[in-house]
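Engineer: Quick one: the structure is below, questions incoming.
The values are calculated or read from the model by the stated rules, or taken from the named source; none is laboratory data. What you are looking at is a predicted structure, and each value in this text was computed from that prediction instead of being measured. Positions of Cβ are generated from backbone atoms using ideal geometry, with glycine treated the same way; all protein chains shown enter the neighbour counts. SASA here: full protein model, heavy atoms, side chains in, ligands and nucleic acids out. Shrake-Rupley method; radii C 1.70, N 1.55, O 1.52, S 1.80 Å.
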Amino acid sequence: MSTYNDIGIDGKVDWPRIRKLFIIGLIAGCMNLAGDILLGYGMEDQTQTGIERMLSVYLTLSDARIFWSAMLGFIGVPLEALCHFGIYRLMAEKSPKHAHAYRSGILGYLAFGGCGVHVPCLACVFFYKYMMAANAETALEMSMRFGIYFLLPGMISFFIFFLVHSIAQISAFAKGFTPYPKWCWIFSIPVGMAFAALLKVFGNHAVINALTAGWISIGNIWMFGGLLLMMKKAKT
């Protein structure tokens, strides 16, 4: 693999196509966020602690909300991943090494993000909800076991590739291997995720819980939106 376009993608910076990918990625991020809001909108039971308090917000979800949250992510997460190839194009010409690593991250995101993490998360929520109705004493234990069997493998795989993906992007931008100013490394998913996570300081509110459930979606919206806004600052 001595060249950057082994998968048939031209390494030249094609701005119209990159802009289109960023716009589609932004729409996909909003689609995923809508699904996350459907999942996370609600109040945690403050009489509970630990994992049970975190999961308590899901007990009042309707089956329809669980289904549509799963469906939006099932479509939106792979669509996001494909749009990351717009960022791949930014680094491919100046740094094939970073582009190769980033591409590996995209493929892992594509393979595990939707069917490996998002949909199994909703399956765990569905399982916990009905286990609580059937037998509250064993619901948490059985749901944790269900998650270990059917969610954890995909989650571990996803975050390994996600780490490669994020490091490659931040490094390429910070070292000037893209047409953007170096400081535009801040328009990366982890930075947007950090902003979303900080919302927790505002306490237990339905809107806050909904937004923090969509931390990766917010990361994507931050990334695609920021890169679109700063495109005029990039070297053409």
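Engineer: Contact list please: Cβ distance under 8 Å, first residue in the range 154-182 and on the phi > 0 side of the Ramachandran plot and at pLDDT 95 or above, second residue crowded, with 20+ Cβ neighbours inside 10 Å and in a helix (DSSP H, G or I), pairs at least six apart or on different chains.
Structural biologist: Filtered contacts from the range 154-182: no entries.
Engineer: Further question on the same structure: Show the residue pairs that are 6+ apart or on different chains and have beta-carbon atoms under 9 Å apart, the first residue being within the range 30-46 and within 16 Å of ALA196 (Cβ to Cβ), the second being among the basic types (Lys, Arg) and not in a helix (DSSP H, G or I).
Structural biologist: No pair meets every condition.
Engineer: Any residue that is in a helix (DSSP H, G or I) and under 14 Å from the mean Cα position of the chain (by Cα) - is there at least one of those in the range 141-153?
Structural biologist: No: the range 141-153 contains no residue that is in a helix (DSSP H, G or I) and under 14 Å from the mean Cα position of the chain (by Cα).
Engineer: Moving on to the next point. Does the range 183-193 hold any residues that are out of contact with any Ser or Thr (no Cβ under 7 Å at 6 or more places or on another chain) and either in contact (Cβ under 8 Å) with a residue 60 or more places away in the chain or not in a helix (DSSP H, G or I) (or both), and which are they?
Structural biologist: Within the range 183-193, PHE187 is the sole residue that qualifies.
Engineer: What about PHE112, is it buried (at least 23 other Cβ atoms within 10 Å of the Cβ), under 30 Å from ARG65 (Cα atoms) and out of contact with any Leu (no Cβ under 6 Å at 6 or more places or on another chain)?
Structural biologist: Taking the combined requirement at face value, the residue satisfies it.
Engineer: Can I ask one more? Which number in (1) open to solvent by 60 Å² or more (accessible area, probe 1.4 Å); (2) assigned to a helix (DSSP H, G or I); (3) under 21 Å from LEU39 (Cα atoms) marks the one condition that ILE156 misses?
Structural biologist: Answer for ILE156: the failing condition is (3).
Engineer: Take VAL77 and decide whether it is part of a loop (DSSP other than H, G, I, E, B) and either among the acidic types (Asp, Glu) or buried (at least 16 other Cβ atoms within 10 Å of the Cβ) (or both).
Structural biologist: For VAL77, the condition - part of a loop (DSSP other than H, G, I, E, B) and either among the acidic types (Asp, Glu) or buried (at least 16 other Cβ atoms within 10 Å of the Cβ) (or both) - is not met.
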